[in-house]
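Q: If you scroll down you'll find the structure; I have some questions about it.
Read the figures in this text as sums done on the coordinates, not as results from a lab. Just so you know, these numbers come straight off a predicted model, no measurement behind them. Backbone-built Cβ (ideal geometry, glycine too); neighbour counts: all protein chains shown.
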Amino acid sequence: MPTKRVAAWLREHPVAADGALAVLLAVISLIALFVRAPIEHMPPPGPLAVLLVLLVTLPLTWRRRHPLWINLGVGAASAVYGASPYPDLVTPVALGGVVALYTMVAWCGRTVSIVVGVLTGLSVAVVSLVPATDSDLLDVAFTTLLLAGAWVLGDSARIRRAYTAELEARAELLARERDFQARRAVAAERARIARELHDVVTHHVSMMVVQAEAGPVLAERDGEAAERTFDTIAGIGRQAMTEMRRLLGVLRDEDPPEEGPAGEGAFAPQPGLAQVPDLIDQARRAGVRAELQMDGRSWSLPAGVDLSAYRIVQEALTNVVKHAAGARVRVRVRHTDRDLHIEVHNEGSPTGIGSDGGTERDGRVSNGEDRDGSAGQGLIGMRERVHLFGGELTAGARSGGGFAVIARLPIGGPR
């Protein structure tokens with residue numbers, strides 16, 4: 001609409017808007033000067049009267065840039081005009097002085113506004129005592145009310161503008177906080193996906209490497225066993241692809257799920273303790289003498305706890321396959337009313353090799369690197385998973401030889 005466009009233009013060009021107001025007040029005041037002079041039987045206005053009228057109105061062009069000084073200048077010109085033998089300009093006090101006072105109060109601080117307001121009141125009282133003004137009590141009361149109203153309106157405008165600025169600043173702060181939280185959420189999700197990918201790739205690739213290294217030997221001695229070994233490698237590879245496809249699908253969830261064998265399992269459920277027997281079977285096929293014991297009454301676990309428990313067992317078995325192939329490992333999962341306990345004891349790694357080649361002694365993890373170049377990332381990932389739920393993790397060499405991973409995950413139990 002044209003009106004909205006004009007209003008927007010005036011907001012973008014405050015000096016032009018104030019200049020238009022100043023010219024309008026100057027025209028109205030000059031008309032009132034020349035019209036009221038003969039009505040009140042006064043001589044025709046001279047150049048001094050016109051100059052005073054222009055000094056009262058035209059400086060308002062810069063009223064918002066220099067509110068205090070413009071008010072002082074316009075107020076002084078208004079006082080001089082009021083004390084001179086000239087007719088009133090529409091009202092007993094010049095409109096330019098009223099606008100200047102309103103602008104000063106609206107754009108200056110409260111203390112300055114009060115001081116200038118008191119000075120303005122004293123000026124009105126002094127001017128009213130000048131004999132040439134011929135002012136009566138009604139004129140003084142009207143002038144006082146008009147200036148007081150301008151002061152109150154200006155103060156209200158200042159408070160409203162300060163309140164609006166505070167709301168805008170708070171909204172901007174909330175927007176920045178929201179963006180920061182969103183970036184944190186994205187970073188946390190990326191870290192979670194990275195941990196999941198690390199667990200999936202490390203476990204399945206380690207199993208595949210061990211099986212593949214044994215394949216040529218079995219092919220020379222036992223063809224059927226070699227065939228089963230390569231079938232196992234293919235199955236582990238398919239399982240790894242399924243889990244990786246599910247995790248990477250989070251990064252491109254706008255794409256529709258693929259159909260057919262390539263997309264099979266793209267949205268399969270996250271693994272949990274129910275799949276731990278499959279991990280034991282994979283470890284056994286890789287040459288590890290793995291045993292599983294599950295104690296206590298089992299109930300539906302929270303999804304996060306279930307997945308974390310699975311990943312802890314997976315990572316511990318992966319380390320056994322990589323660092324203690326052929327060793328005996330005992331996995332025990334025990335439910336209590338409030339906690340889930342996981343124990344993975346490796347009896348064949350007396351050197352105390354920790355996750356991904358790191359060793360832990362006296363609660364410290366070294367920077368030993370594995371063949372894939374990682375440095376303790378599996379143990380760090382396990383600690384993060386356990387600490388996320390307020391649990392505890394102990395991983396280190398056993399006094400009698402081997403290595404142990406012991407974790408406790410609070411689950412709350414049924415209410």
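Q: Which distance in nm do the two modelled labels at residue 12 and residue 172 give, with both placed 7 Å along the Cα-to-Cβ direction?
A: 2.0
Q: By how many nm would the segment from residue 141 to residue 238 grow when fully extended, if each residue of separation counts as 0.36 nm and the alpha-carbon distance is taken off?
A: 25.5 nm
Q: Using amide H atoms built in the peptide plane, which far-off residues or other-chain residues are under 5 Å from residue 292 H to H?
A: 331
Q: Which distance in nm do the two modelled labels at residue 338 and residue 399 give, with both placed 7 Å along the Cα-to-Cβ direction?
A: 2.8
Q: How far apart, in nm, are two points set 7 Å out from the Cα along the Cα-to-Cβ line at residue 23 and at residue 187?
A: My value for the distance between the label points is 5.6 nm.
Q: I need to check one value: relative contact order of the range 1-100, counting alpha carbon pairs closer than 8 Å and at least 6 residues apart, in percent.
A: 32
Q: Which of the peptides 288-295, 22-29, 50-57 is most tightly packed, and how do the rest follow, judged by the mean count of other Cβ atoms within 10 Å per residue? Don't skip to the end; give the middle numbers.
A: Details: 288-295: 15.4, 22-29: 17.5, 50-57: 21.1.
The densest-packed peptide leads the list: 50-57, 22-29, 288-295.
Q: Please state the shape class of the range 1-126: rounded when a/c is under 1.5, otherwise prolate if a/b exceeds b/c and oblate if not, all from the C-alpha gyration tensor.
A: The shape class here is oblate.
Q: Please list, in chain and number order, the residues 5+ apart from residue 401 or on another chain whose amide H is under 5 Å from its amide H, with Hs placed from the backbone.
A: Amide H neighbours of residue 401: none.
Q: While we're here: Can you tell me the dipole magnitude for the range 94-164 around its Cα centre, using point charges on the Cβ only (Lys, Arg +1; Asp, Glu -1), in Debye to the nearest 20?
A: Working: 4 positive and 4 negative charges, 108 e Å.
In debye, rounded to 20, the range 94-164 gives about 520.
Q: Can you check how the C-alpha radius of gyration of the range 85-187 compares to 2.2 N^0.38 Å, as a plain ratio?
A: Expressed relative to 2.2 N^0.38 Å, the Cα Rg reads 1.73.
Q: Given charges of +1 on the Cβ of Lys and Arg and -1 on the Cβ of Asp and Glu, with all other atoms neutral, how large is the dipole of the range 1-100 about its Cα centre, in debye to the nearest 20?
A: About 420 debye.
Q: Another question, if that's okay. Apply the Karplus parameterisation 6.51 cos²θ - 1.76 cosθ + 1.60, with θ equal to phi minus 60°, to every residue of the range 281-291 and state each ³J(HN,Hα) to the nearest whole Hz, in sequence, with x for glycine and proline.
A: Per-residue couplings from phi come out as 5, 5, 5, 5, 5, 7, x, 8, 7, 9, 10 Hz.
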